[in-house]
1. When you scan the stretch 40-86, how many residues do you find that are under 17 Å from residue 105 (Cβ atoms), buried (at least 20 other Cβ atoms within 10 Å of the Cβ) and of a type outside the set (S, T, N, Q)?
2. Tell me which residues, restricted to the stretch 165-188, are out of contact with any strand residue (DSSP E or B) (no Cβ under 6 Å at 6 or more places or on another chain) and within 16 Å of residue 229 (Cα to Cα).
3. Taking only pairs six or more apart or across chains, which ones have beta-carbon atoms under 6 Å, a first residue in the stretch 21-40 that is under 14 Å from residue 286 (Cα atoms), and a second residue that is modelled with pLDDT of 95 or more and among the β-branched types (Val, Ile, Thr)?
4. Within the stretch 243-254, is even one residue within 22 Å of residue 35 (Cα to Cα), aromatic (Phe, Trp, Tyr) and in contact with a strand residue (DSSP E or B) (Cβ under 8 Å, 6 or more places away or on another chain)?
5. Can you name the number of the only condition in (1) open to solvent by 10 Å² or more (accessible area, probe 1.4 Å); (2) in contact (Cβ under 8 Å) with a residue 40 or more places away in the chain; (3) touching a Leu at 6+ places or on another chain (Cβ under 7 Å); (4) not aromatic (Phe, Trp, Tyr) that residue 230 fails?
6. Please specify each residue of the stretch 318-338 satisfying the condition of being at pLDDT 90 or above and surrounded by 14 or more Cβ atoms within 10 Å (Cβ to Cβ).
7. On the basis of being in contact (Cβ under 8 Å) with a residue 12 or more places away in the chain, within 16 Å of residue 203 (Cβ to Cβ) and touching a strand residue (DSSP E or B) at 6+ places or on another chain (Cβ under 7 Å), does residue 120 make the cut?
8. Please find, within the stretch 139-175, the residue that is surrounded by the fewest Cβ atoms within 10 Å (Cβ to Cβ) out of those that are free of Cβ contacts under 8 Å to residues at least 40 places away in the same chain and among the polar types (S, T, N, Q).
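The values are calculated or read from the model by the stated rules, or taken from the named source; none is laboratory data. Computed from a predicted model, the values in this text were never measured in an experiment. Here the Cβ is made from the backbone with ideal geometry for all residues, glycine too, and neighbour counts use every protein chain on show. Heads up: the accessible areas ignore ligands, DNA and RNA and are worked out on the full protein's heavy atoms, side chains in. Shrake-Rupley method; radii C 1.70, N 1.55, O 1.52, S 1.80 Å.
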Amino acid sequence: AVVSTQSGHYGRGICVLDTRMVLRGHSLSPTAVAVSPTHIYSTGKRGELVKWDLGTGKRVKEVKHAHGKGGCILALAVTSDGALLASGGTDKKVIVWDTTELTPLKVFRKHRDHVTAVAFRRDTQLLISGGRDRTLNLWNCEDMCYVESLYGHQDGITGMDSFVRERVLTVAGHDKTLRLWKIPEESQLVFNGHKTSIMECVTMLNEEVFVTGAQDNCLCVWHINKKRPIATQRPAHGTRPDCWVTAVAALRNTECFWSGSSEGGARLWACGEDYRTVTCIREVEVTGTINAITVTRDLSRVVLAVGQEHRLGRWWQDKTARNSLVVLSLQESENAER
């Protein structure tokens, strides 16, 4: 379905087009979404894994009970070339899939609890997974083998991101810390923030600047050289005191990022000079909880996973919401300032 939405402009001369594509195929709330140069991959609380054509929105293939009957997939990641897909779920497994036919290539068993986050390092087949067991596991998907485990968080990992360098960024619920893991050096940097709330999600604008969202309806911008946030936005969404920031996604190597909330709606933010301020420059109205946001590498599309419930629990249910994916198209604007 194509629905009208107000157009707008943001940094680097890119504009949000006045249409959106809505993909419906999940009977329960979508929990994760990943995007390759040609396809979208999504999953829901029923445990299905769905492949969509990025251009047309048509469903290409579906695998039911991808993590076994009763298993729910909580995280997805795809390699930069779109060849491999990784999924993590409540069955404590990480499964690597061939994206052409959605056939499983390898099942990794190392986590002792739900796998809640997975990420590929850009342009490599290094896979990182994190879970409620407070552990990060590294996997070599070229040789399909286990590499090592990293420890440090005091609570289950709720969000993860990785970029070009051999590093991974994580947040972990109640321990209220953001951690940057330097894999070759076998070291980690610990950042403290969101003192009164649980960190939900994290994204990397570049190798030095990061954004986190939390259950106190707060967005924080961080710099690698500062232990405290360099910018804070509260409230980030809506006005309800129980509104959570549930998803964030950066437009890599720009000053902009998207955020989503439990109250519905996605917002586009632009950081000011030296990243010390954030300004909402675009809002897209969506009914339901935004459980995941992903941006294509060429910045041509943004995909939102929208559900009636939060991806990790059933603390609320909005029966007016439609479980779906919302695809927003972006393009460079000839008239936008540079």
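1. Residues flagged as under 17 Å from residue 105 (Cβ atoms), buried (at least 20 other Cβ atoms within 10 Å of the Cβ) and of a type outside the set (S, T, N, Q) within the stretch 40-86 amount to 12.
2. If we filter the stretch 165-188 for residues that are out of contact with any strand residue (DSSP E or B) (no Cβ under 6 Å at 6 or more places or on another chain), which is where we start, we get 165-166, 172-176, 183-187.
Listed by number, the list holds a single entry, 176.
3. Partner pairs satisfying both residue conditions: 21/327; 22/326.
4. no
5. (3)
6. Correct list: 318, 321, 322, 323, 324, 325, 326, 327, 328.
7. Numbers: in contact (Cβ under 8 Å) with a residue 12 or more places away in the chain: yes; within 16 Å of residue 203 (Cβ to Cβ): yes; touching a strand residue (DSSP E or B) at 6+ places or on another chain (Cβ under 7 Å): yes.
So residue 120 fits the description; yes.
8. Per the criteria, the residue is 154.
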